[in-house]
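The values are calculated or read from the model by the stated rules, or taken from the named source; none is laboratory data. Since the structure is predicted, the reported quantities are computational estimates derived from the model, not experimental observations. Here Cβ is always computed from backbone atoms with ideal geometry, including for glycine, and neighbour counts include all displayed protein chains.
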Amino acid sequence: MKNFEEQKRYERAKDRVEELKKFYNNLISYIIVIGFLAGLNYYQNEWRYAWFLWAAFGWGIGIAFHAAKAYRINPIFDKDWEERKIRKYMDEEQDDQKQLWE
């Protein structure tokens, strides 16, 4: 039992590290591409019209959501909520099974 729990914890930790790795890769890509677009924008018109900000803003929203997912920032559906719902449905299913046999 202990070995199984340890394996489960390891798998969850590994998945979390993969999520964080994807987020950091996305963030690095954002910095590089937006930096390039800013340089291109400056080269074209010396920021008389800063069009690169549209791309930075749009992609930035995606980065913010990705960060919230990677760092598990979710005030409504936190981990405790998820565990409570899982237990609730497991209990309901168990009660349904008991009623079938009675």
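Residues that are in a helix (DSSP H, G or I), surrounded by 12 or more Cβ atoms within 10 Å (Cβ to Cβ) and either in contact with a Gly (Cβ under 6 Å, 6 or more places away or on another chain) or without any contact (Cβ under 8 Å) to a residue 12 or more places away in the chain (or both) within region 48-80 comprise 53, 68, listed in sequence order. Of all residues in region 32-68, those that are modelled with pLDDT under 90 and either within 22 Å of residue 15 (Cα to Cα) or polar (S, T, N, Q) (or both) total 0. Residue 27 versus (1) surrounded by fewer than 12 Cβ atoms within 10 Å (Cβ to Cβ); (2) modelled with pLDDT of 95 or more; (3) not basic (Lys, Arg): which is the lone unmet condition? With respect to (1) surrounded by fewer than 12 Cβ atoms within 10 Å (Cβ to Cβ); (2) modelled with pLDDT of 95 or more; (3) not basic (Lys, Arg), residue 27 is out only on (1).
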